[in-house]
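Here the structure is laid out as structure tokens; the discussion comes afterwards.
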Amino acid sequence: MTADDATARLRAAGCVFAEDEAALIADAAGGYPARHEALLERRIAGEPLEIVIGWARFAGLRIPTAPGVFVPRRRTELVARLAIACAPDDATVVDLCCGTGAVAAAIAHARTDARIVAADVDPAAVALAASTLAPLGCVATVSDLDEALGHLAGAVDVIASCPPYVPTAQIPLMPREARDHEPALALDGGPDGAAVQRAVLDAAARLLRPGGVAIVETSEDLATLTLAAAADAALSARLERDAELGAVAVVARL
Ligand SMILES: C[S@@+](CC[C@H](N)C(=O)[O-])C[C@H]1O[C@@H](n2cnc3c(N)ncnc32)[C@H](O)[C@@H]1O
């Protein structure tokens, strides 16, 4: 199959960046025609590109992906960047709701002195994160919020978190790629979107040492609720934004 053929088929299927995607899919096929065709068909059928090719770009890294695990978004680089900036030397860092472990991996690359624990309630996400993070010296563990992190209570310097924050009623309005290929557990933020953010900030109040910081991704629509959740957890919080990434995060200090 020529690159032009692949591009034309992807374009006909509605892929906006058809030429770029065709090149990435050809690269992932590694020169095997049958594999090339299979990957192309999966993409044309609507699977996210990052799942089809097996990796997502995040903070300059190639983060391995897997079917059924949330694909890390570029906007979440803000959370990783803020965590890197505020971690003291030899910090203990928790990536709570870690998914693929992209945030933990970005922090580990920038701060080799940090002790990093990644946690997620989904065993499939933790298995993927563990294989990505083990070579970086980080641990990944199955945990419903901080349930399995009791040993870190009061000892964490930085919590970096991108929890689910889509209001339940808005999930049917999301792009098909997300609705059909990412688990509801990774998207659903409850009736107002902020339910898991609240739980994360409550967990942060238990995990952080005095002066420690929790960084939680949010959206413009939810920012007021996320700030209120931080205040309810007795954390003093401010907003940080990155207009280029379209990213908003709450930075909450104990
Ligand atoms: C929006 S995804 C983000 C994943 C990752 N942080 C990233 O940015 O790619 C949210 C993640 O939160 C996890 N999650 C949802 N509820 C959780 C809970 N109660 N405890 C731990 N993880 C949870 C989901 O399994 C999912 O992997």
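The values are calculated or read from the model by the stated rules, or taken from the named source; none is laboratory data. These numbers come from a predicted model, not from an experiment. All Cβ positions, glycine included, derive from the backbone under ideal geometry; neighbour counts span all protein chains shown. Side chains included, ligands, DNA and RNA excluded: accessible areas come from the protein's heavy atoms. Shrake-Rupley method; radii C 1.70, N 1.55, O 1.52, S 1.80 Å.
Sorting Tyr32, Tyr165 by accessible area puts them as Tyr32, Tyr165; the probe is 1.4 Å, largest comes first, and only protein heavy atoms count.
Here the simple spin-label model places points 7 Å from the Cα toward Cβ, and for Ser131 and Arg209 these points are separated by 3.5 nm.
Among DSSP bridges having both ends in the chain, what percentage is antiparallel? Round to the nearest 5.
Of all bridge pairs located within the chain, approximately 45 percent are antiparallel.
Viscosity 0.890 mPa s, temperature 25 °C: give me the Stokes-Einstein translational D for the chain in µm²/s, with Rh taken as the Kirkwood radius over C-alpha pairs.
On the way: Rh = 18.7 Å.
So the translational diffusion coefficient is about 131 µm²/s.
Think of it as helices only: each DSSP H run of n ≥ 4 in the chain is worth -39500 (n - 2.57), and spread over all residues that comes to -11500 deg cm²/dmol at 222 nm. Among Phe70, Phe58, the sequence by solvent-accessible area, most first, with a 1.4 Å probe is Phe70, Phe58. Solvent-accessible surface (1.4 Å probe) assigned to Ile171 amounts to roughly 30 Å².
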